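This report refers to the structure that appears directly beneath it.
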Ligand code: COA
């Protein structure tokens with residue numbers, strides 16, 4: 001069986017690679033669980049100084065697995081893996097970087113709001129079709145995006161469903177830099193290595209100061225989660241998931 005999340009080490013840098021290319025890196029509950037465990041390990045292991053999220057060529061992530069969403073919409077149990085992952089992000093103690101190429105949908109976009117440095121390739125499009133799917137923003141994005149991008153750009157991304165090019169993502173502060181596909185991973189790893197070489201205690205305090213009190217973010221993730229769970233069972237969401245599944249079987 002293929003490992004859909006590969007966790008690796010590159011000296012003091014932890015690499016978390018989403019690896020489900022046949023589904024454009026749609027994230028299953030098991031994948032959220034593996035990524036939550038990796039971030040928790042990074043926080044508790046002093047030899048890890050930074051974490052890096054990567055995807056596969058052309059697909060950082062197509063977001064939450066819609067079959068998992070449909071299962072919950074039809075009355076199934078949701079599990080705690082998504083929440084565990086979001087809490088691990090919100091509470092993270094060490095720098096997190098990401099290298100994004102191609103598809104970055106849903107959590108594939110909002111994950112980057114938690115990153116300290118995101119690099120993306122020119123062909124990347126960031127998109128969060130939450131409202132189209134009958135859902136609401138998640139991962140604290142309703143708090144983080146207005147703070148980072150400003151209210152109007154956050155609305156365009158999270159509610160209007162506009163796809164942001166890598167250039168627009170950089171202009172609006174969603175990402176740090178745009179780099180060519182061929183240089184993406186080496187650029188992210190080089191930055192992560194440089195960060196990992198900095199005095200860790202000073203870096204931790206500097207990062208903590210910039211992040212501020214995490215309690216508001218954690219409370220917002222929970223509040224979004226309550227709405228999200230209710231919306232998953234709504235007629236609007238069920239219809240959207242079934243339309244995607246039908247498109248899939250028709251294709
Ligand atoms: N959940 C489950 N499966 C997904 C998926 C998702 N989020 N995104 C893509 N897939 C699957 C497709 O069903 C398809 O599977 P199949 O080959 O077994 O039929 C495979 O991944 C490839 O996707 P495809 O749609 O053929 O690729 P594409 O390049 O034409 O389009 C996307 C890529 C991401 C634009 C499109 O798949 C899409 O819109 N996915 C849904 C994204 C989404 O709404 N995510 C939830 C956000 S909250």
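The values are calculated or read from the model by the stated rules, or taken from the named source; none is laboratory data. What you see is a predicted model; the values in this text were computed from it and never measured. So basically every Cβ, Gly included, is an ideal-geometry build from the backbone, and we count neighbours across all protein chains shown.
Among the residues here, residue 63 qualifies as within 10 Å of the ligand (Cβ to nearest atom) and in contact with a helix residue (DSSP H, G or I) (Cβ under 6 Å, 6 or more places away or on another chain). Tell me whether segment 44-58 contains one or more residues that are assigned to a helix (DSSP H, G or I), closer than 23 Å to residue 200 by Cβ and over 13 Å from the mean Cα position of the chain (by Cα). Taking every residue of segment 44-58 in turn, at least one turns out to be assigned to a helix (DSSP H, G or I), closer than 23 Å to residue 200 by Cβ and over 13 Å from the mean Cα position of the chain (by Cα).
Scanning segment 8-45 for residues that are surrounded by fewer than 19 Cβ atoms within 10 Å (Cβ to Cβ), closer than 15 Å to residue 92 by Cβ and touching a helix residue (DSSP H, G or I) at 6+ places or on another chain (Cβ under 9 Å) yields 37, 40, 43.
Consider residue 97 carefully, then state whether it is under 12 Å from the mean Cα position of the chain (by Cα) and under 20 Å from residue 51 (Cα atoms). Against the criterion (under 12 Å from the mean Cα position of the chain (by Cα) and under 20 Å from residue 51 (Cα atoms)), residue 97 qualifies.
Selection of segment 1-36 for residues being away from the ligand (no atom under 16 Å from the Cβ), touching a residue at least 12 places away in the same chain (Cβ under 8 Å) and over 14 Å from the mean Cα position of the chain (by Cα) yields 3, 6, 7, 9, 10, 11, 12, 13, 14, 15.
Among the residues of segment 66-75, the ones that are more than 8 Å from the ligand (Cβ to nearest atom) and either on the phi < 0 side of the Ramachandran plot or part of a helix (DSSP H, G or I) (or both) come to 5 in all.
Per-residue answers, yes or no, for (1) modelled with pLDDT under 95; (2) within 16 Å of the ligand (Cβ to nearest atom); (3) closer than 21 Å to residue 85 by Cα:
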| site | (1), (2), (3) |
| --- | --- |
| 213 | no, no, yes |
| 222 | no, no, yes |
| 235 | no, no, no |
| 242 | yes, yes, no |
